Each structure stands twice: as C-alpha cells, then as structure tokens.
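Below is one structure, written out as structure tokens, with a few remarks after it.
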Amino acid sequence: MPAVTFSHVSVAVEREDSPHPKVLLHPVDLRLEEARIGIIGANGSGKSTLLRLVNGLIQPATGTVTVDGDDTVRAVRKVRRNVGFVFTDPLSQPGHAHRPGGRGAVPAPFRPEHG
C-alpha cells in the first residue's frame, strides 16, 4: 500500500530579531497509509506546514519525508506527479494566480492589480 512517511522531520525558519530559528514543526515520526486522511488542529499548529512537506513545497530542517519511497527533496518532480495539492486561495499557489472569468491559472507576472 502507498505510504507517506515522516522520519524525524522538523521545520524551522530564520528570524530577523533572534539568532535562533523559529520552530514551525517540532520533530515528528509518522507513517500515513490510508488513501484519504484528514488533518485537524488549532490555528498555528503546523497543519499547512505538514502538508507542504508532503508535496515538496518546503524542505524539512531535519529528517526526511517520503511518498511511496521517493524523497520529497531529491525526487520532488516524481512526488508531485503522485500527490494532489489544492490551494484554498489560488493566489497562494506558487507562481500562479487565478484569471478573472474562471479561465484557470495564469503566470504570476500577469496578476491583475488590486486597488
């Protein structure tokens, strides 16, 4: 059965106001084998960070994430062919924006100005 595996995965980002990084996701070990899963948690608990790791949109500070044995950092293109990721807000999708009139995604440079 296909699986998503997190092996001692953590995420941290640099902060301008501190020499210490801000931890977004504390080390986690997890194996997901179900075809459909739900992630539930409070705001700021790491749900989006966890899901972005699965699709290789962000890289772990420590550990590895694999999808069917493929590392999400080393084999990101292969992983993305097998993992669906839908953004709630089209403007959140890297490099794309929603074209007015429902015609789908267009490259970011063509985003309409908001006024």
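No lab work stands behind these numbers, since they all come straight from the coordinates. From a predicted model like this one, the values you see are computed outputs, not experimental measurements. Using ideal geometry, Cβ is built from the backbone for each residue, glycine included, and neighbour counts are taken over all protein chains shown.
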TODO: Pop a pseudo-label 7 angstrom from the Cα along the beta-carbon direction at both Thr62 and Val76 and give the gap in nm to one decimal.
DONE: 2.3 nm
TODO: Among Leu30, Leu53, rank each residue by its count of other Cβ atoms within 10 Å, from fewest to most, as a rough exposure measure.
DONE: Leu30, Leu53
Task: Where labels lie 7 Å past Cα in the beta-carbon direction, separation of Lys47 and Asp29 in nm - done: 2.7 nm
Task: Distance in nm between pseudo-label sites at Glu16 and Asp89 (7 Å out along the Cβ direction from Cα) - done: 2.0 nm
